[in-house]
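Written out below as C-alpha cells is the structure these notes cover.
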Amino acid sequence: MSDEAGPADLIVLGGRAITMQYGADERAQGVAIRGERILRVIRRDEAEGLTGPDTRVCDLGDRPIMPGFVDVHAHSEVVFRTDYETVDVRAPTCCSIEDVCDALVDGGRSRDGWIVGQGNLFFDRKLSDGRLPSRADLDRVSRDRPVAVRAGGHITVLNSKALEVAGIDRNFKPADYSVTGLPVVERDPNGDPTGVVKEMDTLLPFPHVDKSELRDAFRIGLDKYFTRFGVTTIGEISETVDGVETFDSMEQAGELPVSYRVYLWAPGTLKLEQAADWRNHFSLSSRQSALRIQGIKLFSDGGFSAKSAAVTCPYLTGGCGEIAFPKYFFRRAFELSQEADLQLSVHANGDRAQEWLCGVIDELGGASSGKTRTRVEHAANLMPRERTMDWWARAGVIPVPQPVFIYTFGEYFPDYLGEFGARGRFPFKTLMERGWRLNGSSDVWIGSETEATNPLFSVWCCLKRQTFSGSFIDPHEAMTLEQALRTHTIDAAAALGEDDVKGSLAPGKYADVIALERDPFTVSVDELRTLKVDYVASRGRVVFDQTSGKA
C-alpha cells in the first residue's frame, strides 16, 4: 500500500544516510524522491510504503548516501575551454622546462596557429628549474608561430612571435585596467619585453573555442571535472554570454547534470551596468532550479603569484599590490547589485583589499542577507592579522576560502611576503571556533591542480593540510571530517543563500543525492583523497551511475 499522498518517483537506498542535517534519524538509509524534491528521508523498512507501480528503486547496497557537493566558486567554462584550447604542461607531469617545451612541440602538431600551454599557479616553484620558461625557451618551440604558457591565469609567458602578434614591443603601454587586475609587462634593462606579462590574459589575442563547439566541450568537461566527483551545484563565475546561453540550451535538452548559479563577471562577461540589467542583453529559458543568474563578480585585486594581491605588508621585492578599481566604481556595483536583487561576489586576495572592501560596504550600511549577502572571495586563505575578520563581521560579508589552495600554493606565501606570509594561513579551526561558517570551493581556472574539482580532495586538504611539496601547514588548524563535509555541502549552500533547499538530505530540499564507494568515516585521511563517487542524482534525475546494478 503506497503512502496516501502518492508514491515516490525514485527511492534511493544505501548503507546509511549521511544527511548533514542536525537531529536527523541516525538509522536513516535512504531517500524517497518525487519530482525534483526529497519527499522523505527513510529507513529501508519504510520503502515499501512509498512504492507504487512506476516507482524506481535504486538499491545501492552498503554504499553510504549523502547530499551532492556544492562548489560555490568555479570557472567551469574556462576549464572546459582550456581542455579544447591548450596543451597541458602542468607539473608534476611536466617536471622541467625541457618537459614543457617538448609537450608544446608535440601538442602543436595537432593544431594550427597559436600554441598555448596550461601551466600551474606558481609554476616557477613547481618546475625543477625553479623558474618560469623564458621567451628564449618558447622561441625554441617555434619562431614562426605564437607560443604562450598561461601559468595560472595571472602570469603568462610569450615567445617572440606571440609578443609581435600581440603588439607588445618596447613602446607598448599596457591598459590601465584588465578584468583581473592591473596589467604589467616585464622588461629587461634595455626596456625590451622579457616575454612575461601579468594580468593580461583577457587582453591577449588567444584563440577561442567557437560557439558551435561549446556544447561538446561543456558536455565532456562536466563529466570529467564535476559530475563524477559528486558535484551537483556550481557557483559559476561566468566567462562569456555564449557560455551561459550554452548552459541554458543544454538544460533545455536534458543535458545539464548540475544546477548552475551564475555570477556575471564585470567587466569581463558584461559591463557592470549590463550585468545588473542582464535580462535586456540575453534571456534564459531554464527553470531557476537548474540555472539562475545569481550575482555579479568583480576583481578588487590580482594574485599573489603576480605580486598584485593588495596586502598591508610590502612584498619582499617591493610594493603592496593595488586596489583594482576606485571607490566610486565599487559603490556603484554594490548599489546596482542590491537594486537588481543580485549577490555581489568580490575577488579580494590580500588583507588590504578585504579590509578596504569591508570598509566601503560598512559605509553603505552593510551587506544584506540571504541570497544577496555580499561574498568576499579568498577571504580566510591568508589572514596575517586577526583584525581582518573583525572587518568581515562589521560589514556582514561571507568569507569564501578555497581549502585546495593549501596544497596549490599555501607554502609559498612566505617567499613573497616573508614572516608576514607565514601568519594565518587557512586558519579554519580558529575561524570556526570564533563562530564563522565556512564553505569550500575549487576556484578551478587556468592552472588549477588536476584534483581541484574533486570535493573529497578539498576535504582531504581540510584535514591533512599537506602542500604540493609534501610539507604541512599549521596542522593544528585542521577541521574534523564532519566539519569538512559540511563545508562542502550545507555550509557551501549557505554561501548561495540556499541552505534551505540544498546541502542536506531533508524533506522539501532538492533531490541532489550521491553515493560513495565507502563510508568516509571509516577510511583513513589519505584514502579520502581517492574515495570514489559511484552514483549521482541531480534534482531527482540520475546523471551518473557506476554501480552497474550491483549492490
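Conditions (1) of a type in the set (Ser, Thr, Tyr); (2) under 20 Å from the mean Cα position of the chain (by Cα), marked per residue:
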| residue | (1), (2) |
| --- | --- |
| Asn190 | no, no |
| Lys198 | no, no |
| Arg219 | no, yes |
| Gly243 | no, yes |
| Thr246 | yes, yes |
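Within region 198-215, track down each residue that is surrounded by 16 or more Cβ atoms within 10 Å (Cβ to Cβ), assigned to a helix (DSSP H, G or I) and of a type in the set (Asp, Glu).
The answer is Asp201, and nothing else.
Out of region 307-325, which residues are surrounded by 15 or more Cβ atoms within 10 Å (Cβ to Cβ) and either closer than 19 Å to Ala175 by Cβ or over 23 Å from the mean Cα position of the chain (by Cα) (or both)?
If the condition is that a residue be surrounded by 15 or more Cβ atoms within 10 Å (Cβ to Cβ) and either closer than 19 Å to Ala175 by Cβ or over 23 Å from the mean Cα position of the chain (by Cα) (or both), then Lys307, Ser308, Ala310, Thr312, Cys313, Tyr315, Cys320, Gly321, Glu322, Ile323, Ala324, Phe325 are the ones that fit.
For Ser160, which of the numbered conditions (1) touching a strand residue (DSSP E or B) at 6+ places or on another chain (Cβ under 9 Å); (2) free of Cβ contacts under 8 Å to residues at least 24 places away in the same chain fails to hold?
Only one criterion is unmet by Ser160, namely (2).
For region 359-376, name all the residues that are in contact with a helix residue (DSSP H, G or I) (Cβ under 7 Å, 6 or more places away or on another chain) and within 18 Å of Arg292 (Cβ to Cβ).
Ser368, Thr372, Thr374, Arg375
Let me confirm something: among Ala136, Ala175, which residue is in a helix (DSSP H, G or I), more than 30 Å from Gly470 (Cα to Cα) and touching a helix residue (DSSP H, G or I) at 6+ places or on another chain (Cβ under 9 Å)?
After ruling out the rest, the residue left standing is Ala136.
Could you tell me which numbered condition Asp390 fails, if it satisfies all but one of (1) touching a strand residue (DSSP E or B) at 6+ places or on another chain (Cβ under 9 Å); (2) more than 15 Å from Val72 (Cα to Cα); (3) surrounded by fewer than 19 Cβ atoms within 10 Å (Cβ to Cβ)?
(1)
Restricting attention to region 397-429, and to residues there that are within 28 Å of Pro92 (Cβ to Cβ) and among the acidic types (Asp, Glu), which single residue is surrounded by the fewest Cβ atoms within 10 Å (Cβ to Cβ)?
Within region 397-429, the match that is surrounded by the fewest Cβ atoms within 10 Å (Cβ to Cβ) is Asp415.
From the set of residues in region 326-354 that are without any contact (Cβ under 8 Å) to a residue 40 or more places away in the chain and surrounded by 15 or more Cβ atoms within 10 Å (Cβ to Cβ), which is nearest to Asn381 (Cα to Cα)?
Going through the qualifying residues, I end up with Gln354.
Could you give every pair whose Cβ atoms fall below 6 Å, whose first residue belongs to region 527-541 and is farther than 20 Å from Asp62 by Cα, and whose second residue is in a strand (DSSP E or B) and of a type in the set (Ser, Thr, Tyr), counting only separations of at least 6 or pairs across chains?
The qualifying pairs are Ser538/Thr232; Arg539/Tyr510.
Given the structure, is Asp242 over 30 Å from Pro67 (Cα atoms), acidic (Asp, Glu) and outside any strand (DSSP E or B)?
Yes, satisfied.
Do any helices (runs of 4 or more DSSP H) lying entirely in region 355-461 carry at least 1 residues that are over 22 Å from Ser471 (Cβ atoms), and which ones are they?
387-395, 428-433
Read through the list (1) part of a loop (DSSP other than H, G, I, E, B); (2) charged (D, E, K, R); (3) under 30 Å from Leu298 (Cα atoms), then give the number of the only condition that Glu186 fails.
(1)
How many residues, within region 492-525, are in contact with a helix residue (DSSP H, G or I) (Cβ under 7 Å, 6 or more places away or on another chain) and in the same structural domain as Met20 (by TED's automatic domain parsing)?
Number satisfying all stated conditions: 3.
Which residue out of Ala8, Ala32, Ala91, Ala17 is among the small types (Gly, Ala, Ser), buried (at least 23 other Cβ atoms within 10 Å of the Cβ) and under 29 Å from the mean Cα position of the chain (by Cα)?
Ala17
Do we find that Arg143 is out of contact with any strand residue (DSSP E or B) (no Cβ under 9 Å at 6 or more places or on another chain), more than 13 Å from Asp201 (Cβ to Cβ), without any contact (Cβ under 8 Å) to a residue 40 or more places away in the chain and charged (D, E, K, R) in this structure?
Yes.
The values are calculated or read from the model by the stated rules, or taken from the named source; none is laboratory data. Predicted model only: the values in this text are computed from it and were never measured. Quick reminder, even Gly has a Cβ in these numbers, built from the backbone with ideal geometry, and neighbours come from all protein chains shown.
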